[in-house]
Amino acid sequence: IVNLVQPGTLYGDRVNELDFKIAKILKFGGTRTNVGLEIYNALNAAAVLTYNQTFSPLVQSGPGAWLQPTQIMTPRFFKITAQFDF
């Protein structure tokens, strides 16, 4: 095993994860409804979490296989919720 890059000198993009939740309680007669909107990962489009860190000149995996993203964060995920109590 040979280190191509000195450890601690190469880092990926910074990952900022910010989630929002907005909810409102609505009352109609004897029922109660809680509706909401949740936004996950509002600041990042698709941040890379892990990279391919192996390099082999013998494997024909195409150019740029080293440091190719292997896992990305789910970008801007929205969820609509509703809860009915009666």
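The values are calculated or read from the model by the stated rules, or taken from the named source; none is laboratory data. This structure is a prediction, so every number in the text was calculated from the model and none was measured. Remember, those area values only see protein heavy atoms, side chains included, never the ligands or the DNA or RNA. Shrake-Rupley method; radii C 1.70, N 1.55, O 1.52, S 1.80 Å.
For the reader, a short list of remarks on this structure follows.
- Per residue, in Å², the accessible surface of the chain once ligands and nucleic acids are set aside, probe 1.4 Å: 86 Å²
- All aspartates and glutamates inside 13 Å of Lys24 as judged from Cα atoms, apart from same-chain residues fewer than 8 positions distant: Glu38
- Correct choice for volume of the Cα convex hull per residue in Å³ that was computed from the model, options (1) 137; (2) 93; (3) 122: (1)
- Share of carbon and sulfur in the accessible area of the stretch 5-86 stands at 59%, probe radius 1.4 Å.
- Working note: Karplus 6.51/-1.76/1.60 with θ = phi - 60° gives the stretch 35-50 the couplings 10, x, 10, 10, 10, 9, 6, 6, 9, 10, 7, 6, 6, 7, 9, 9 Hz, where Gly and Pro are set to x.
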